[in-house]
Amino acid sequence: MTVPIASRSQRWRVLRGSATFWVGATIVVIWVVFAIFGDFITPFDPLGTPADVLNRLEQPSGDHPLGTDELGRDVLSRVLAGARQVMTVALAATVLGTIFGTALGLLVGYAGGIVDDILSRILDAFLSIPLVITGMLALTALGPNTFGVIVVIGLVFTPIIAKTVRAAVLSERQLDYVTAAQLRRDNSLYVLFVEILPNVANVIIVEFTVRLGYAIFTVLALSFLGFGVEPSIPDWGLMIAQHYGFLTGGFWWPVLFPAVAIASLVVAVNLVADSVSQAFE
Amino acid sequence: MGRFIVRRIGLALITLALLSVLVFIGTQLLPGDVGRRVLGPFATQESVDILNARLGTDRPLLVQYTDWIGGAVTGDLGDSITLARPVTELVGRALLNSAKLGALAFVIVVPLSILGGILAALRRGKLVDRIVTVGGLSATVIPEFVSGIILILVFAVTLGWLPGTASAPRGSGFLTQLRHLILPAMCLVLVLFGYIARITRAGVIEALEADYTRTAILKGLPRSIVIRREVLRNALLPTIAVVASQVGYLIGGLVIVETLFSYQGIGQLLVGAARNADFPLLAGGVLVVGAVFQVSMLLADLSYSWLNPRIRLGGSG
């Protein structure tokens, strides 16, 4: 595009002026606080105690504002503690994908040619099946565990992010500062990581926030389907999976509250991603 | 145009071949000892060996791959371990069920999202626009099992208007079956709406700002005619391609929706195969899903280029 490139401070000003961004960011920050300090905030032990079995599926009340689940555990405590599981897994997967994707994109964009074509074909193959199915396949093959979820999502994100970074590198390569660096016979890796990388940082930031939304979605979908989380861990997807069978019996609280938590987090992250894209692109 | 088609089909085939290698790695190489993975740690070595011999997973990897892919081309994907039936038969039946659900979702979402996109573009920056764009984005990103839960709570549990499961009793008529499919289809509609509406909105805005629209308005044509004749005809072109390209999201959504509403489609089949470590069924199912996706993307590209005279008549394309 030939639109004059906005300066860094202008971009932040656009972002700061966006109501969408603030609404999203506030909700995300609240969940981050719960994720970090959940242990000190939760009124009951999220993992439950043997005595809980006496209070199975109790309606929301003064003692348990969001009720108790099928094993008598406090739903509020589990919802608050559940923030940690999804956020650490999604964040780790996105960071992994962004690091590898950026490195790969820089190299491929700089190298060009056949390497470029191969990457595009592999990306197409990966994208022919939905991420949830890729995740199920890989977790079945490798054995289900949280670490596997991080690796699989990070691995699938790698070519996707690489493609975006590559496109940005291709347009940077034409610019004078790169030519100058090459004429100066700077080391290619130096040019890539010290000269070009800071100039494609915006693209990477946008890509990161968008991918984080997808990662949260996928992590929760996989745990809902029963992949990648141990049954006792407080996880929103798993909580819904374990309790939606009780809905028709009128026990809505162990299902609805984690569902609301998921909806608030994914919508908030995507509002942030959307306003970041608009400000930075 | 001819060269474009040949090139496009070639690319789809290369992608599918690559996908088959990835699926093979995932289902035969990564699990290590397939027989051991299926039978678990407590099975005797003898029974593991017997299963590996029956599945053919004791042979060299290259032989296994060529055998599998050769069968796939002729429509033989082996037998499911847990269901003891040909994978092709199981996948075929499940795909048919999923197609019914997907078709219902598309019948609802396409007119709805196009209408929403057009309204948002015509009332740009107004409340309707905000509702369609922000609401659409939010609906797209909320996982299907969350929106599904809320739909079940409201329409099945509280109001009692619609059934909360997708499978109608055996032998029930078309209308009963349809009633059971409405809530699951609505989950898919919520996911697909935002993106199609956004693309429609962008297309309409672009067409509204184009020179031919200005000319038509300056000629003194009434606004409604300008919109119908000039704007929509040009704006809906990209939308058509986008609708077909949504099949990927649809299949991803089916995995979750079919599990939530216990509907016997391709999504539920794959989840079951993964849970039971039924590798032949999983491999065959994923490969078929990839093929369905590639074919729909191919149709999307071809229909777009056929509808777009700039590509159709462009020659080299």
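The values are calculated or read from the model by the stated rules, or taken from the named source; none is laboratory data. This one's a predicted model, so the numbers in the text were calculated from it and none came from an experiment. Every residue, glycine among them, receives a Cβ derived from its backbone with ideal geometry; neighbour counts consider all protein chains shown. Areas reflect the complete protein model, heavy atoms only, side chains present, ligands, DNA and RNA absent. Shrake-Rupley method; radii C 1.70, N 1.55, O 1.52, S 1.80 Å.
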Going toward the positive end of the dipole of segment B:2-73, with +1 on Lys and Arg Cβ and -1 on Asp and Glu Cβ, which of B:Ala12, B:Phe42, B:Trp68 do you reach last?
B:Ala12
Signed unit charges on C-beta, dipole axis of segment B:88-308, positive-most listed residue B:Pro163, B:Ile251, B:Val110
B:Val110
If you place +1 on the Cβ of every Lys and Arg, -1 on the Cβ of every Asp and Glu, and leave all else neutral, what size is the dipole of the protein assembly as shown about its Cα centre, to the nearest 20 Debye?
2320 debye
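Within segment B:82-182, which trypsin sites (Lys or Arg not before Pro) sit in a loop by DSSP and count at most 15 neighbouring Cβ atoms inside 10 Å?
Numbers: sites: B:Arg93, B:Lys100, B:Arg123, B:Arg124, B:Lys126, B:Arg130, B:Arg170, B:Arg179; in loops: B:Arg123, B:Arg124, B:Lys126, B:Arg170.
Listed in order of number, the matching sites are B:Arg123, B:Arg124, B:Lys126, B:Arg170.
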What's the local net charge at B:Ala53, with K and R +1, D and E -1, over the other residues with C-beta under 15 Å away?
-3
Of all accessible heavy-atom area on segment B:2-73, the percent that carbon and sulfur account for (1.4 Å)
69 percent
For segment B:122-220, run through the chymotrypsin sites (Phe, Trp or Tyr not before Pro) and keep only the ones in DSSP coil with at most 16 other Cβ atoms within 10 Å of their Cβ.
B:Trp161
Using a 10 angstrom Cβ neighbour count of at most 13 plus a DSSP loop assignment to flag exposed trypsin sites (Lys or Arg not before Pro), which longest range of chain A is free of such sites?
A:57-183
Rolling a 1.4 angstrom probe over the protein heavy atoms, how many square angstrom per residue are accessible across chain A?
45 Å²
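Return the calculated 222 nm mean residue ellipticity for chain B, to the nearest 500 deg cm²/dmol, obtained by summing -39500 (n - 2.57) across DSSP H runs with n ≥ 4 and dividing by the residue count.
Working: 16 runs with 224 residues, N = 317.
The helix-only estimate for chain B comes to -23000 deg cm²/dmol at 222 nm.
Accessible area lost on pairing B with A, both sides, 1.4 Å probe, Å² to nearest 100?
3700 Å²
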Please check segment A:121-141 for residues whose accessible area, probe 1.4 Å, is lower by 50 Å² or more when all protein chains are in place than in their chain alone.
A:Arg121, A:Ala125, A:Ser128, A:Ile129, A:Pro130, A:Ile133, A:Met136, A:Leu137, A:Thr140, A:Ala141
Please get the size of the charge dipole for segment B:2-73, origin at its Cα centre, with Cβ charges of +1 on Lys and Arg and -1 on Asp and Glu, quoted in debye to the nearest 20.
540 debye
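Trypsin sites (Lys or Arg not before Pro), restricted to segment B:201-246: which are DSSP loop and have at most 10 other Cβ atoms within 10 Å?
In loop regions of segment B:201-246 (DSSP not H, G, I, E or B), the sparsely surrounded trypsin sites (Lys or Arg not before Pro) are B:Lys219.
Got a number for carbon plus sulfur as a percent of segment B:88-308's accessible area, 1.4 Å probe?
Numbers: 6370 of 9640 Å².
Answer for segment B:88-308 is 66 percent, counting heavy atoms of protein chains only.
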Taking springs between alpha-carbon atoms closer than 10 angstrom, which of B:Val154, B:Val191, B:Val271 fluctuates most in the Gaussian network model of chain B?
B:Val154
